[in-house]
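Okay, so here's the structure we're looking at.
Derivation of every value follows stated rules applied to the coordinates shown; laboratory data play no part. This one's a predicted model, so the numbers in the text were calculated from it and none came from an experiment. Note that we place each Cβ from the backbone using ideal geometry, even for glycine, and neighbour counts take in every protein chain shown.
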Amino acid sequence: MTAFPFEIAATDGAARTGVLKTSRGDIRTPAFMPVGTAATVKALTVDQVAQTGADIILGNTYHLMLRPTAERVARLGGLHRFMRWDQPILTDSGGFQVMSLSKIAKVTEEAVAFQSHIDGSKHVLSPERSIEIQADLLGSDIVMQLDECVAWPAEEARAAEAMRLSARWGARSKAAFGSRESQALFGIQQGSTFEHLRRESAERLIETGYDGYAIGGLAVGEGHAAMCEVLDYAPAMLPADRPRYLMGVGKPVDLVEAVARGVDMFDCVLPTRSGRHGQAWTREGPINLKNARFAEDDTPLDASIPVPASSLYSKAYLHHLVKAEEILGQVLLSWHNIAYFQSLMAEMRAAIAEGRFEAFRREFHAAQRIG
């Protein structure tokens with residue numbers, strides 16, 4: 001399966017930069033995907049998201065199937081038309097949210113049955129239904145297999161059980177997906193923090209065969225050091241000629257360290273969630289705009305980022321908006337944070353292409369501080 005050509009332009013150690021080519025546009029890698037949970041990247045218009053340099057966004061199957069329902073989105077022309085985003089969209093399978101958000105979830109070999117966290121209504125999500133929602137009703141460009149992600153810490157036996165169920169669900173997901181020229185299907189590696197389970201998962205995924213491969217089951221509480229320990233071996237278990245996607249990650253330091261270990265794609269709600277709570281991510285680390293030391297700081301967050309939220313508005317003004325609980329403060333900080341994450345990815349792409357990624361990595365860590 002190679003629905004979308006993946007061209008690796010340069011490598012520097014394990015880090016690599018390239019392009020995943022889709023019918024709706026190229027995705028430059030390493031890539032960060034802003035999360036559009038319910039057909040919106042929170043607080044931003046799609047034009048603002050595009051202005052940050054994002055090539056692709058992520059939508060959440062669980063939330064969309066409950067509200068406004070995938071069937072309604074399909075009747076309105078699919079997810080791209082519904083939210084007016086004409087570039088690629090990746091949708092998750094819905095499995096993680098089912099396990100973490102639903103009031104009651106019961107997992108069987110056939111499917112997961114759950115009650116909506118919104119109104120308590122009952123639903124069943126199977127591998128086949130997840131594919132139908134993502135590929136047929138929402139019209140996603142990149143579709144994820146349904147998997148079971150266990151909480152951390154996980155006992156080895158429980159992690160193995162979930163990994164093997166995910167492998168079987170992956171095979172069913174692929175059978176339901178079939179062959180599609182304009183859409184791609186990604187499989188998901190599981191196995192918690194157990195290396196031999198990650199290897200078994202990778203072998204099962206490769207046997208089934210996917211357009212891309214995700215690393216799941218991390219960023220669930222294990223911490224940065226433990227995540228990096230898994231990433232020391234997990235990406236290399238997956239095919240080198242296909243994109244590798246680390247799900248639900250993360251902080252800038254997570255992104256830099258994961259790229260150093262061979263990861264190509266990321267998503268996380270952190271930029272917009274931080275923005276809604278007065279936090280801005282910068283080259284020196286996160287800063288809290290609620291802090292009184294910014295009350296008369298007339299400098300912008302980052303004059304080098306060509307987005308108004310980053311380069312035109314002063315920290316003093318942003319401090320005022322946050323303290324006054326004005327909605328514009330949330331908008332501008334969310335916009336800046338997404339733009340900063342995109343700037344970070346662009347800097348890593350350039351560093352890899354120029355053979356100076358390790359120098360970039362050292363400089364990144366040296367600049368970090370907590371403000």
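Estimated at 0.36 nm per residue, the fully extended path between S304 and I8 surpasses their Cα-Cα distance by 103.8 nm.
Panel note: the C-alpha atoms of region 103-186, placed on their principal axes, show extents of 40, 33, 20 Å (largest first).
Rounded to 0.05, the FRET efficiency of the R75 and K106 pair, given R0 = 30 Å and the Cβ-Cβ distance, is 0.50.
Of the residues I327, A160, A50, the one whose Cα sits farthest toward the positive end of the charge dipole of the chain, with +1 on the Cβ of Lys and Arg and -1 on the Cβ of Asp and Glu, is I327.
Each residue of region 89-103 was assigned a 3J(HN,Hα) from its phi angle through the Karplus expression (A = 6.51, B = -1.76, C = 1.60, θ = phi - 60°), giving 10, 9, 10, 6, 7, x, x, 4, 5, 4, 6, 9, 10, 5, 5 Hz with x at Gly and Pro. Sorted ascending by nearby beta carbons within 10 Å, beginning with the fewest, I56, I104 become I104, I56.
Add -39500 (n - 2.57) for each DSSP H run of 4 or more in the chain, then divide by its residues: what number comes out at 222 nm, to the nearest 500 deg cm²/dmol? About -11500 deg cm²/dmol. Semi-axes of the equivalent ellipsoid of region 167-248 are 23, 12, 11 Å, computed as sqrt(5λ) over the eigenvalues of the C-alpha gyration tensor in descending order.
The D241 and A175 beta-carbon pair, evaluated with R₀ = 25 Å, returns a calculated FRET efficiency of approximately 0.60. A protection proxy built from the mean count of other Cβ atoms within 10 Å ranks the segments 212-225, 257-270, 151-164, 61-74, most packed first, as 257-270, 212-225, 61-74, 151-164.
Against the chain, whose longest principal axis comes from its Cα atoms, helix 195-208 is set at around 70 degrees.
Distances longer than 20 Å among the Cα atoms of region 275-367: what percent of all pairs is that? For region 275-367, the fraction of Cα-Cα distances above 20 Å is 37 percent.
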